[in-house]
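The values are calculated or read from the model by the stated rules, or taken from the named source; none is laboratory data. Keep in mind it's a predicted model, so treat the numbers as computed, not measured. We place every Cβ from the backbone using ideal geometry, glycine too, and count neighbours over all the protein chains shown. With ligands, DNA and RNA removed, areas are computed over all heavy atoms of the protein, side chains included. Shrake-Rupley method; radii C 1.70, N 1.55, O 1.52, S 1.80 Å.
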Amino acid sequence: MVGYCPICGKPVYFAERKRSLGRDYHPLCLKCQRCKMHLNAGQHAEYDERPFCRNCYLKLFGPRGNR
Ligand SMILES: [Zn+2]
Ligand SMILES: [Zn+2]
């Protein structure tokens, strides 16, 4: 079973996949899309199908109603 990495769009094979929030990423692709910090599976936030660390997520998108 092959999934596709939502970051680079290439296939992710079982042996190399890093599954987080229901998606399969390459280990190198699972990083914050703003500060490039490496993220641990299940320990990050997500927006528009892209992973962000919690700090960047809060700065960019939250907290709710703070616009
Ligand atoms: Zn990838
Ligand atoms: Zn970040």
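Observations, loosely collected:
- Considering only alpha-carbon pairs that sit under 8 angstrom and 6 or more positions apart, the relative contact order computed for the chain is 22 percent.
- Just the protein heavy atoms count here, and of the accessible area of the chain at 1.4 Å, carbon and sulfur take up 49 percent.
- Selection of chymotrypsin sites (Phe, Trp or Tyr not before Pro), the chain, meeting DSSP coil and at most 13 other Cβ within 10 Å: 13
- Taking a sphere under 15 Å around the Cβ of residue 56 and counting the other residues whose Cβ falls inside, with K and R at +1 and D and E at -1, yields a net charge of +4.
- Taking amide H as placed 1.01 Å from N in the peptide plane, residue 34 has its amide H under 5 Å from the amide H of 53, each at least 5 places away in sequence or on another chain.
- Residue 31 - accessible surface, heavy atoms, 1.4 Å probe, Å² rounded to 10: 70
- In nm, spacing of pseudo-spin labels at residue 14 and residue 55 (7 Å Cα→C-beta vector): 3.8
- When only the Cβ of Lys, Arg, Asp and Glu is charged (+1, +1, -1, -1), the dipole of the chain relative to its Cα centre reaches about 260 debye.
- Accessible surface area normalised per residue over the chain is 73 Å², counting heavy atoms of protein chains with a 1.4 Å rolling probe.
- Per-selection Kirkwood Rh - the chain (Cα, Å, 1 d.p.): 12.2
- Total formal charge among the other residues, if their Cβ is under 11 angstrom from that of residue 37, Lys/Arg +1 and Asp/Glu -1: +4
- Probe 1.4 Å - accessible area at residue 37, Å² to nearest ten: 100
- Rounded to whole Hz, the Karplus (6.51, -1.76, 1.60) HN-Hα couplings of the stretch 12-17, x for glycine and proline: 10, 8, 3, 5, 10, 6
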